[in-house]
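The values are calculated or read from the model by the stated rules, or taken from the named source; none is laboratory data. Source: prediction; values computed, not measured. Here Cβ is always computed from backbone atoms with ideal geometry, including for glycine, and neighbour counts include all displayed protein chains. Ligands, DNA and RNA are stripped out before the accessible areas are found, and what is left, the full protein with its side chains, is counted by its heavy atoms. Shrake-Rupley method; radii C 1.70, N 1.55, O 1.52, S 1.80 Å.
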Amino acid sequence: MLTLALSKGRIFEETLPMLAKAGITVSEDPETSRKLILGTSNPNLKIIIVRASDVPTYVQFGAADFGVAGQDVLIENGLDGLYMPIDLGIAKCRLSVAVKEGFDYNSAVKQGARLKVATKYVNCAREHFAIKGVHVDLIKLYGSMELAPLIGLADAIVDLVSTGNTLKANHLVEVEPMMTISAHLIVNQASHKRNRKELQPFLDAFELAAQKK
Ligand code: ATP
Ligand code: PRP
């Protein structure tokens, strides 16, 4: 029996059609069910529902054989013990620096100002600003990053942007795209060796579904 780790919301919703292409349906909808372990139409596959940022942890420790996680989470978390064979091309967005409308980010950077940056992605942000030679004080947040510049907690945020609607609604502007993001299939390295025969048909199905997207 194999275990696939997914998070509720967009990852689950966008993975579901990929599983459907492989003829697999899920027994319950995690949005309405409180169950965290879901059966599927394939007796060899069960799904566990975890926080998006916890998916790599479950896979790293082998509690799940494979999972679907955004590159943002993977880069922030590290890839120890993980094999990352397939870009699924779902949950596409980008990681960007954003500031309040009217804040002259480029001048602040040019003048060598020390910037306060609020983000959930402290490792990505630290590396990005270090490469640019910008001095930053990083403030770790777990959500609602857009609020930070509005109420003076930070000069800038590093957050995910897709349509840009959230930034716009909060009078923020994207000043620097950092990287493009999509969700990847990740596999526990030990499980990949041990359960290769069982895993391979699922990996092939994901690969095919990703190509058809
Ligand atoms: P957690 O619950 O662990 O705090 P989260 O709330 O960020 O995580 P989701 O919002 O479901 O979880 O996002 C899951 C993944 O989807 C992210 O890691 C990212 O790769 C991608 N993602 C996030 N926001 C968007 C968006 N607006 N458009 C497209 N993809 C996104
Ligand atoms: C993500 C991200 C931004 C928003 C960007 O939040 O943290 O706030 O999407 O998307 P947009 O550019 O299309 O507006 P999400 O919707 O996942 O909500 P969350 O805060 O619950 O993670």
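Think of each Lys and Arg Cβ as +1 and each Asp and Glu Cβ as -1; about the Cα centre, that makes the dipole of the chain roughly 260 debye.
Using a probe of 1.4 angstrom and keeping all protein chains present, the accessible surface of region 93-180 works out to 54 square angstrom per residue.
Taking amide H as placed 1.01 Å from N in the peptide plane, the amide H of Asp159 sits under 5 Å from that of Ser96, Ala98, each at least 5 places away or on another chain.
Picking from Ala20, Ala91, Ala156, which is most flexible by a Gaussian network model of the chain using Cα springs under 10 Å? For the chain, modelled as a Gaussian network with Cα springs under 10 Å, the answer is Ala20.
Between the helical axis of 122-132 and the dominant principal axis of the chain, each derived from Cα atoms, what acute angle in degrees is found, rounded to the nearest 10? Computed tilt is about 50 degrees. Taken one residue at a time, the phi angles of region 67-75 give Karplus couplings (6.51, -1.76, 1.60, θ = phi - 60°) of x, 10, 9, x, 4, 4, 5, 5, 5 Hz. Gly and Pro are set to x. The stretch between Lys92 and Ser144, if pulled fully straight at 0.36 nm per residue, gains 16.8 nm over its current Cα-Cα span.
Shown is the FRET efficiency for Thr25 and Ala113, computed with R0 = 41 Å from the Cβ-Cβ distance and rounded to the nearest 0.05: 0.15. Taken one residue at a time, the phi angles of region 38-49 give Karplus couplings (6.51, -1.76, 1.60, θ = phi - 60°) of 10, x, 10, 5, 9, x, 9, 9, 10, 10, 10, 9 Hz. Gly and Pro are set to x.
Evaluated with a Cβ-only charge set (Lys, Arg +1; Asp, Glu -1), region 93-180 carries a dipole of roughly 160 debye about its Cα centre, given to the nearest 20.
When you count the other C-beta atoms within 10 angstrom of each residue and take the mean per peptide, 117-125, 172-180 line up highest first as 117-125, 172-180.
For His184, the amide hydrogen comes within under 5 Å of the amide hydrogens of Ala69, Gly70, Gln71, Leu88, counting only partners 5 or more places away or on other chains and with H modelled in the peptide plane.
Across region 1-91, the fraction of Cα-Cα pairs farther apart than 17 Å, rounded to a whole number, is 45%.
If the chain linking Glu207 and Asn165 were pulled fully straight, counting 0.36 nm for each residue of separation and taking away their Cα-Cα distance, it would gain 12.0 nm. Relative contact order of region 93-180, taken over Cα pairs closer than 8 Å and 6 or more residues apart, is 48 percent. Ile11 contributes about 20 Å² of solvent-accessible surface, heavy atoms of the protein only, 1.4 Å probe. Using the Kirkwood radius over C-alpha pairs as Rh, can you work out the diffusion coefficient of region 141-213 via Stokes-Einstein at 37 °C, viscosity 0.692 mPa s, in µm² per second? Translational diffusion coefficient: 206 µm²/s. Axis of helix 10-21 versus longest Cα principal axis of the chain: the two differ by about 30°, to the nearest ten degrees.
Computed about its Cα centre, the charge dipole of region 162-213 is approximately 300 debye, with only Lys, Arg, Asp and Glu carrying charge at their Cβ. The angle between the Cα long axis of helix 196-211 and the longest principal axis of the Cα atoms of the chain comes to about 50 degrees, rounded to the nearest 10. Here region 23-179 is treated as a Stokes sphere of Kirkwood radius computed over C-alpha pairs; at 37 °C and 0.692 mPa s its diffusion coefficient rounds to 185 µm²/s. Please work out the C-alpha center-to-center distance from region 87-130 to region 44-59 and express it in whole Å. Comparing the Cα centres of region 87-130 and region 44-59, I get a distance of 28 Å. For region 93-180, the C-alpha radius of gyration sits at 0.96 times the compact-globule guess of 2.2 N^0.38 Å, with N the residue count.
By the helix-only formula, in which each DSSP H run with n ≥ 4 contributes -39500 (n - 2.57) and the sum is divided by residues, the chain has a 222 nm mean residue ellipticity of -9000 deg cm²/dmol.
Rounded to the nearest whole Hz, the Karplus-based 3J(HN,Hα) values (6.51 cos²θ - 1.76 cosθ + 1.60, θ = phi - 60°) of region 88-94 follow the sequence 7, x, 10, 6, 7, 6, 9, with x at glycine and proline.
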